[in-house]
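Down below is the structure, laid out as structure tokens.
The values are calculated or read from the model by the stated rules, or taken from the named source; none is laboratory data. No experiment lies behind these values; they were computed from the predicted model shown. All Cβ positions, glycine included, derive from the backbone under ideal geometry; neighbour counts span all protein chains shown. Ligands, DNA and RNA are excluded from the accessible area calculation, which covers all protein heavy atoms including side chains. Shrake-Rupley method; radii C 1.70, N 1.55, O 1.52, S 1.80 Å.
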Amino acid sequence: VSVDGSPWFSMREGLDRLQQKGHEVVVVAPEVSLHVKPSENFVMKMYPVPYSQEEMDNAFKAYFNITFEEGSFFERFFKVVEATKRFTDFCFSICTHLLQNKELIRYLEESKF
């Protein structure tokens, strides 16, 4: 499940505490993300996705720029719906590519993840 964004910030604090208590922490994330980045506090297992960091960043910026655009309520509403669909597509792609990554799934199974 994609946890990029604000859920990651909450989760990150918990992961840091687990590591401080001696646990090995493994984070599985797509190579392209908004906030999930490698750290010395955990092992990072990354997998490829079919979009670039620039594409994701641009979609994120466009989503928030809608708030400041001119136009009727309905024009802005439909732009928000379109932008939300784009983010949903990113999340679906993230999950699909994780589940299709046989090497990573094998690693997770063998390590009792």
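Couple of notes before you dig in:
- Selection from segment 60-100 of residues that are under 21 Å from His35 (Cβ atoms) and more than 13 Å from the chain's Cα centre (by Cα): Lys61, Ala62, Tyr63, Phe64, Asn65, Ile66, Thr67, Ala83, Thr84, Arg86
- Identity of the residue in segment 3-23, at pLDDT 90 or above and not in a helix (DSSP H, G or I), that ends up nearest to the chain's Cα centre (by Cα): His23
- Subset tally (residues that are free of Cβ contacts under 8 Å to residues at least 24 places away in the same chain and open to solvent by less than 100 Å² (accessible area, probe 1.4 Å)) for segment 96-113: 2
- Looking across segment 38-55, the residues that are in a loop (DSSP other than H, G, I, E, B) and surrounded by 12 or more Cβ atoms within 10 Å (Cβ to Cβ) come down to Asn41, Val49, Tyr51.
- For segment 56-95, a tally of residues being among the acidic types (Asp, Glu), open to solvent by less than 80 Å² (accessible area, probe 1.4 Å) and assigned to a helix (DSSP H, G or I) returns 2.
- Selection within segment 62-95 - in contact (Cβ under 8 Å) with a residue 12 or more places away in the chain and of a type in the set (Gly, Ala, Ser): Ala62, Ala83, Ser93
- Residue match in segment 1-22 (condition: among the β-branched types (Val, Ile, Thr), open to solvent by 70 Å² or more (accessible area, probe 1.4 Å) and either without any contact (Cβ under 8 Å) to a residue 24 or more places away in the chain or within 21 Å of Phe60 (Cα to Cα) (or both)): yes
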